[in-house]
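Here's the structure we're looking at; comments come further down.
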Amino acid sequence: DTGVSQDPRHKITKRGQNVTFRCDPISEHNRLYWYRQTLGQGPEFLTYFQNEAQLEKSRLLSDRFSAERPKGSFSTLEIQRTEQGDSAMYLCASSFDNGLAGLGMPYEQYFGPGTRLTVT
Amino acid sequence: ELKVEQNPLFLSMQEGKNYTIYCNYSTTSDRLYWYRQDPGKSLESLFVLLSNGAVKQEGRLMASLDTKARLSTLHITAAVHDLSATYFCAVDGQHQPDDKIIFGKGTRLHILP
């Protein structure tokens, strides 16, 4: 399967614990995005990487959240001291930017299956 | 701040009927995306619209973009039950200092047999 994969698919944790999610993008994609989706809402952008560089972070991303993409391939999203409000689906997406995005070319994002986090 | 509004948020319709979902956005952008999401599943890309007047069609779905009106539409022709899903539009906040791509809240479409 050459699509975007995420692990784990489901995570139940107690409030105050730390959790880490992994995303493996499509292999030739240089951009990787993290989103959070709560029930009945659209995905909310959290952050994105171009290769290993984290280029943008949303104001939604509190200090308890950190993301890495150390070798420009897979990425991890860690949430420290989880709170009940962190319960959501965490989606990863990847795309290929050939340098023409600034010229109006699309960078279509392909989404993974998501990690559903439940904080009790 | 870029805002994206979809309407309706819920739509129940009979098979064979036509309907349109609307997506309005608040600031200048010339890239708009439509996605489909089935319950408990991830998002599937449907259309990428890049310029004013762009129209794309796939099967019974047709999407269009009017950048001057800041409006995109997703038109469903002769709906079938398999099209039941939640449909999201997303707008590229190219000139926003913070958020990259902003999604609407989605339109939950239920097609009755």
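Some points to look at:
- The phi-based Karplus calculation (6.51 cos²θ - 1.76 cosθ + 1.60; θ = phi - 60°) puts the 3J(HN,Hα) values of region B:5-18 at 10, 10, 8, x, 8, 9, 8, 10, 9, 7, 4, x, 8, 9 Hz, whole numbers, x for Gly and Pro.
- Under 5 Å from the amide H of residue A:17 lie the amide H atoms of A:82, each residue being 5 or more positions distant or on a separate chain, with H modelled from the backbone and absent for Pro and chain starts.
- Residue separation of residue B:52 and residue B:27 scaled by 0.36 nm, minus their Cα-Cα distance, works out to 7.6 nm of gained length.
- Highest mobility in the GNM of chain A, judged by mean-square fluctuation with C-alpha springs under 10 Å and restricted to A:71, A:57, A:11, is found for A:71.
- Theoretical gain in end-to-end length, residue B:80 to residue B:38 [0.36 nm per residue, Cα-Cα removed]: 13.6 nm
- Electrostatic dipole magnitude of the protein assembly as shown [Cβ: Lys, Arg +1; Asp, Glu -1; Cα centre; debye, to 20]: 520 debye
- For region A:10-72 and region B:22-57, distance of Cα centres in Å: 22 Å
- Across region A:31-44, rounded Karplus estimates of 3J(HN,Hα) from the backbone phi angles (6.51 cos²θ - 1.76 cosθ + 1.60, θ = phi - 60°) give 10, 9, 10, 10, 10, 10, 10, 9, 4, x, 10, x, x, 10 Hz, Gly and Pro being marked x.
- FRET efficiency for residue B:5 and residue A:27, using Cβ-Cβ distance with R0 set to 41 Å, rounded to 0.05: 0.65
- FRET efficiency for residue A:73 and residue A:98, using Cβ-Cβ distance with R0 set to 25 Å, rounded to 0.05: 0.85
- In a simple Cβ point-charge model (Lys, Arg +1; Asp, Glu -1; nothing else charged), chain B has a dipole of about 160 debye relative to its Cα centre.
- Computed from point charges on the beta carbon alone (+1 for Lys and Arg, -1 for Asp and Glu), the dipole magnitude for chain A about its Cα centre is near 500 Debye.
- Cα Rg over Rh - region A:16-120, Kirkwood: 0.97
- Per-selection Rg to Rh, the protein assembly as shown - Cα, Kirkwood hydrodynamic radius: 0.97
- Selected from B:40, B:16, B:53 as most flexible by GNM, with chain B as the system and alpha-carbon contacts under 10 Å: B:40
- Mean projected area in nm² (Cα convex hull; one quarter of hull surface) for region B:11-72: 5.1 nm²
- Cross-link pairs exceeding 31 Å between alpha carbons, from the set B:17/B:100; A:71/B:41; A:71/B:105; B:17/B:68; A:11/A:57: B:17/B:100; A:71/B:105.
- Extension gain, residue A:51 back to residue A:2 (0.36 nm per residue minus Cα-Cα distance, nm): 15.8 nm
- Here the ratio of the Cα radius of gyration of region A:33-93 to 2.2 N^0.38 Å is 1.09.
- Springs join every pair of Cα atoms under 10 Å in this Gaussian network model of chain A, and among A:42, A:16, A:72 the largest mean-square fluctuation is at A:42.
- Sites residue B:71 and residue A:116, calculated FRET efficiency, Cβ-Cβ separation with R0 35 Å, nearest 0.05: 0.55
- Shape analysis of region A:1-58 yields a ratio of the Cα radius of gyration to the Kirkwood radius, Rg/Rh, of 0.99.
- D_trans [Stokes-Einstein, Kirkwood Rh over alpha-carbon pairs] for region B:19-113, 25 °C, 0.890 mPa s, µm² s⁻¹: 180 µm²/s
- Phi to ³J(HN,Hα) by Karplus 6.51 cos²θ - 1.76 cosθ + 1.60 over region B:106-113, Hz, x for Gly, Pro: x, 10, 8, 9, 10, 9, 8, x
Coordinate-derived values only; no laboratory data. None of these values were measured; they are calculated from a predicted model. In this analysis, Cβ positions are derived from the backbone assuming ideal geometry, glycine residues included, and neighbour counts consider all displayed protein chains.
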